[in-house]
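Below you'll find the structure, written out as structure tokens, and then a few comments.
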Amino acid sequence: MSFLSHRPRYRPVPKAELHLHIEGTLEPELAFALAERNGVTLPYATTDELRRAYSFTDLQSFLDLYYALMAVLRTEDDFCELADAYLTRAAEQGVRHAEIFFDPQAHTARGIPVAAVIEGLCRALDRSEQQYGITTQLIMCFLRDQSAESAMEVFDAAQPFLHRIAGVGLDSAEVGNPPAKFRAVYERAAAVGLRRVAHAGEEGPPSYIREALDVLGAERIDHGLRCLEDPGLVERLVRDQVPLTVCPLSNVRLRCVDTLAGHPLPRMLDAGLLVTVNSDDPAYFGGYADDNFRAVREALALDDETLRRLAANSFRAAFLDETTRAAYLAEVDGHTFTAFTDG
């Protein structure tokens, strides 16, 4: 038995992932496999060439590639395979609960029925707890750079499937697309009991965060970095313990922050904000859930207790019943980050 067999093995802390776009988990290998299956020609010769294309200057340059690659997603089987691939990786990263975003307008605009999207994803999610040890919920997002009428149309199209959907969200290009634009569809979602989240304060101003809370009734803010520019808003978010789903590696890649070492996460924690760490679009931004935990641990010199706090925050911010939440929090409390192997 070698000495190496006794070296400590890192164990990812149990966590919930609350800011994850399923389309953003499309790895180049799966993109090429689906392209071949569906007769789609990609403008890249190899997976390495495609990975090199993952070089973004801002949110819009990322979105341009993100939507272009969705052309390979055509059938219910494709969406099922996409979700299964994510869940496999998430389990390895310590994810115990995932609330997964999907963008139906990006697919219906290509002639893909909303039924194919939802039924395909749910085929994977329905067996997720048994197969991967991960409980899941599905959040239907509206593309904010599309019209309010388009959002309402997709909400209507999803009516037969609302029992499969936990909530609604708002994503895509933020600047120039204030939350209030989607007041009506959020009111309809609230009326049928759906939970409400919204991207705000990533590239958009702090006022978008206030608007998401006050006009859309958002219960959780996705990103929310720019709240720090408004002390009154920070005070409100702390008082009400409104969760913020921060995505550190994404923030660096999209130039919301210059370096991971300069990320405002420690300031947010010190202020008392209910911050969580998530991966956003991990195939594009270089890391899944625990990759983000490990990256901030190293870049920001976070100790184990801070990582445990972030993991506990993720379960506190999740749309869980209290019994399930308490069980997950107990897992976090009992977690140790290293274990010895038998070799």
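Every number in this text was worked out from the coordinates using simple rules, so none of it is lab data. In this text, all values refer to a predicted model and were calculated from it rather than measured experimentally. Cβ coordinates were reconstructed from backbone atoms using ideal geometry, including for glycine residues, and neighbour counts include every protein chain displayed.
Observations on the structure shown:
- Once the chain from THR75 to ALA148 is taken as fully extended at 0.36 nm per residue, the excess over their C-alpha distance is 23.6 nm.
- FRET efficiency, LEU228 to ASP64 (Cβ-Cβ, R0 45 Å, nearest 0.05): 0.95
- FRET efficiency, 1/(1 + (r/R0)^6) with R0 35 Å, evaluated for ALA184 and ARG316 via beta carbons: 0.70
- In this simple spin-label approximation, PHE337 and ALA109 carry label points 7 Å from Cα along the Cα→Cβ vector, and these lie 4.1 nm apart.
- When you restrict to C-alpha pairs under 8 Å that are six or more residues apart and normalise by the size of the range 153-284, the relative contact order lands at 18 percent.
- Distances between placed amide hydrogens fall under 5 Å for GLN137 paired with ALA98, GLU99, ILE100, all partners being 5 or more residues away or on another chain.
- Volume per residue of the C-alpha convex hull in the chain, rounded to whole Å³: 146 Å³
- The range 1-151 - Rg and Dmax from Cα coordinates, angstrom: 17.3, 66
- 3J(HN,Hα) along the range 87-96, derived from phi through the Karplus expression 6.51 cos²θ - 1.76 cosθ + 1.60 where θ = phi - 60°, amounts to 4, 4, 5, 4, 4, 5, 9, x, 6, 10 Hz, with x in place of Gly and Pro.
- Projected label distance in nm at ALA330 and GLU49, using a 7 Å step from Cα toward the beta-carbon: 5.4 nm
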